[in-house]
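Please read the structure below before turning to the comments.
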Amino acid sequence: MTGQEMVALSKKHSLYEWSAQAHVDPIPVAKAKGIYFWTPEGKRFIDFNSQLMCVNIGHGDARVIKAIQDQAATLAYANPFMATEARARLSQKLASISPGDIDVFFYTNGGAEANENAVRIARLVTGRHKILARYRSYHGGTGASLTMTGDPRRWAMEPGMPGILHVPHPYHGIQRGTDSADEALMRLEEIIMLEGPHTIAGFILETVTGTNGILVPPDGYLEGVRALCDKHGILMICDEVMSGFGRTGAWFAVDHWKIVPDILTMAKGLTSAYVPLGAVGVRRAIADHFQQKVFYGGLTYNSHPLGCAAALATISVYEEDNLIERARTMGVLMRQMLDELKKHHPCVGDVRSIGLFGLVELVKNRKTLEPLAPFNGTSPEMQALGKFFREEGLYTFVRWNTFFTNPPLCITEAELAEAFAIIDKALYVTDKAVA
C-alpha cells in the first residue's frame, strides 16, 4: 500500500488511541531497522522515542526475529495451565537479573495487565483493600491501572475501581519547587496514618515517572518508602514497565538505589515490543502465600510461548551487545547534549534524564517559568514544534509543554548527534515565543 492508502483505511475502519478521531494524523510505517523507520514512500525517521519507550534494542534484530520464527514453527501456542521450555527458561533468567529475592513471575499480555495483577496479588496476600498511588503517574489503560493513574487520562473513567487513593509525588519541574525526600515522606506517612495502615495493601509507584515528565526520585525517597512500607506491612509495588530493561542504565531503575520492592511489574523492553508480553515479579515469601491458596488470575494468552521466546532472545541481546552499560555511558553524553540545549535556547526551562530516558520542558518565560502549553493542553508553538520534527524526520512524543528523548539503547554517538542537531534547529522555532 501507499502511505496515503494505509492512513485512509486505518482511519476509516479503526479507532486511534487517546485521540479525537477527526484530529488523527498517523505516520504510515512500512519497515524499520536499528533506530530508524521508513514510510512506504521511503521517508526516513529517527525513532527518538523507541516507539512507546519500548523498542529498547532497536528495530529488526535478526536474533529476536529468528527466536520468534523458531518458536512459532515448533510450538506457536500452549494454554497457560501447561509448561513450556520458553516459559521455564525465561522464568529462570528473569530470576537471575531481577533485584533481591524476586524470583517468581506471573506473565501477562502487557504492562497495564501486570499492574492490574500486582494490585490483585497485594490484596490477596495482605487481606487489605486500599492501594496508594501517586499523582503524576501513569500505570496503564485498563480498569484498575487507569484508576491508579495520576494524570488526566484517569478523568474520563472515574470513579473507577474503589479503594485506590492518590498521594503527592515528589516533583522536580518548572511549575513548582523541588520537594525534598524528607518532605515527601512526611506527607506520605501522614496519609498512611489518616487512612489507617491496617487498611492499605500496597503502594504502587513508577520508580522513575515516565510520560508525566521523567521525574527521577530524590535521593533517600525510595529508601524511605521502603522503610515506611516495612513499618506498616504495606507491599511496595514498583512499576518498571517503562523504566526497566536498561532504559535508565541499569536492568531496573530500582537498582540505582539498591531497593528491592515486594512486587515488580515489567513489559515493553522485556521483549523490546517485538511481541506483547508483561510480567509481575514477586518475592519468594509472596509467592509462597499461593502454595495452598488459590491465585485468582489468568487470561488465554498469559505465558504465550512466542512472547516468552522473544523475551529470552531480547535479554540475550542486552547481554551480548552490552546495552545496559551502553545506555549508562550514552546517557552521560545525552545529558551533556540536553544541558547544551538549555544553555543555548531560552525556551528550555528544564531538562531531565537518567540513562537514555530524557525530557525537555519548554517555557514562555525563563524568569516566571510559565509553560509553553497549559497542563493537559497544547499551544500553537508546541504544535509547530511537532510539525517541524515530523518534517525533519524525527519521531518523538510532544506532550503538553514537553518532548521526550528516549532513543533505542543501540544508538551510536553519531546517530545521537544527528537527532540533537534536528532538535537544536527546531527549538529556534519555539525560542520565538519566549518573552
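The values are calculated or read from the model by the stated rules, or taken from the named source; none is laboratory data. Fair warning: this is a prediction, and the values are worked out from it, not measured in the lab. Don't worry about glycine lacking a Cβ; one is built from the backbone with ideal geometry, like all the others, and counts go over all protein chains shown.
In this structure, is Ala426 farther than 14 Å from Leu359 by Cβ and either under 24 Å from the mean Cα position of the chain (by Cα) or free of Cβ contacts under 8 Å to residues at least 40 places away in the same chain (or both)? So Ala426 fails the test. Restricting Ala287, Ala310, Ala279 to those that are crowded, with 24+ Cβ neighbours inside 10 Å, in the same structural domain as Gln69 (by TED's automatic domain parsing) and more than 21 Å from Ile65 (Cβ to Cβ) reduces the list to Ala279. Lys12: charged (D, E, K, R), over 24 Å from the mean Cα position of the chain (by Cα) and closer than 20 Å to Ala273 by Cβ, yes or no? When the stated conditions are applied, Lys12 does not pass them. Note on the range 335-367: among residues that are out of contact with any helix residue (DSSP H, G or I) (no Cβ under 9 Å at 6 or more places or on another chain), of a type in the set (D, E, K, R) and not in a helix (DSSP H, G or I), the one that is farthest from Glu413 (Cα to Cα) is Lys367.
For Ser96, indicate whether it is assigned to a helix (DSSP H, G or I), polar (S, T, N, Q) and in contact with a Phe, Trp or Tyr (Cβ under 6 Å, 6 or more places away or on another chain). No: the conditions fail for Ser96. Of the residues making up the range 13-56, those that are of a type in the set (Val, Ile, Thr) and closer than 27 Å to Thr248 by Cα number 3.
Each row is one residue, and each column tells you yes or no for (1) over 17 Å from Met53 (Cβ atoms); (2) among the aromatic types (Phe, Trp, Tyr).
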position	(1), (2)
His345	yes, no
Arg352	no, no
Phe357	no, yes
Pro374	yes, no
Ala384	yes, no
Phe388	yes, yes
Phe397	no, yes
Trp400	no, yes
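Of Glu415, Glu391, all but one fail to be without any contact (Cβ under 8 Å) to a residue 40 or more places away in the chain and outside the structural domain of His256 (by TED's automatic domain parsing); the exception is Glu391. Taking the range 128-213 and the strands (runs of 3 or more DSSP E) fully enclosed by it, the elements with 3 or more residues that are closer than 18 Å to Asp262 by Cα are at 130-134, 200-206.
Taking the criterion of being loosely packed, with under 11 Cβ neighbours inside 10 Å and of a type in the set (Asp, Glu), the only residue of the range 1-24 that qualifies is Glu17. Of the conditions (1) touching a Pro at 6+ places or on another chain (Cβ under 6 Å); (2) surrounded by fewer than 23 Cβ atoms within 10 Å (Cβ to Cβ), Cys238 clears all except one; give me its number. Answer for Cys238: the failing condition is (2).
Limited to the range 7-43, what total is found for residues that are out of contact with any Phe, Trp or Tyr (no Cβ under 9 Å at 6 or more places or on another chain) and either in a strand (DSSP E or B) or under 23 Å from Ser243 (Cβ atoms) (or both)? Selection size over the range 7-43: 4. Of the residues contained in the range 94-103, one or more are found to be in the same structural domain as Pro305 (by TED's automatic domain parsing), surrounded by fewer than 20 Cβ atoms within 10 Å (Cβ to Cβ), over 22 Å from the mean Cα position of the chain (by Cα) and acidic (Asp, Glu).
Do we find that Ala86 is surrounded by fewer than 19 Cβ atoms within 10 Å (Cβ to Cβ) and either over 30 Å from Thr211 (Cβ atoms) or within 25 Å of the chain's Cα centre (by Cα) (or both) in this structure? No; evaluated as a whole, the condition is false for this residue. Sort out which residues of the range 44-88 are over 30 Å from Gly331 (Cβ atoms) and in a helix (DSSP H, G or I), and write them in order of number. Scanning the range 44-88 gives Gln69, Asp70, Gln71, Ala72, Ala73, Thr74, Glu85, Ala86, Arg87, Ala88.
Residue count for the range 368-377 under the criterion of being part of a loop (DSSP other than H, G, I, E, B) and surrounded by 20 or more Cβ atoms within 10 Å (Cβ to Cβ): the result is 2. Taking the range 25-51 as the range and being surrounded by 12 or more Cβ atoms within 10 Å (Cβ to Cβ) and at positive phi as the test, the residues that pass are Gly34, Ser50, Gln51. In the range 339-370, what count of residues is obtained for those that are touching a residue at least 40 places away in the same chain (Cβ under 8 Å) and within 20 Å of the chain's Cα centre (by Cα)? Total meeting the criteria: 10.
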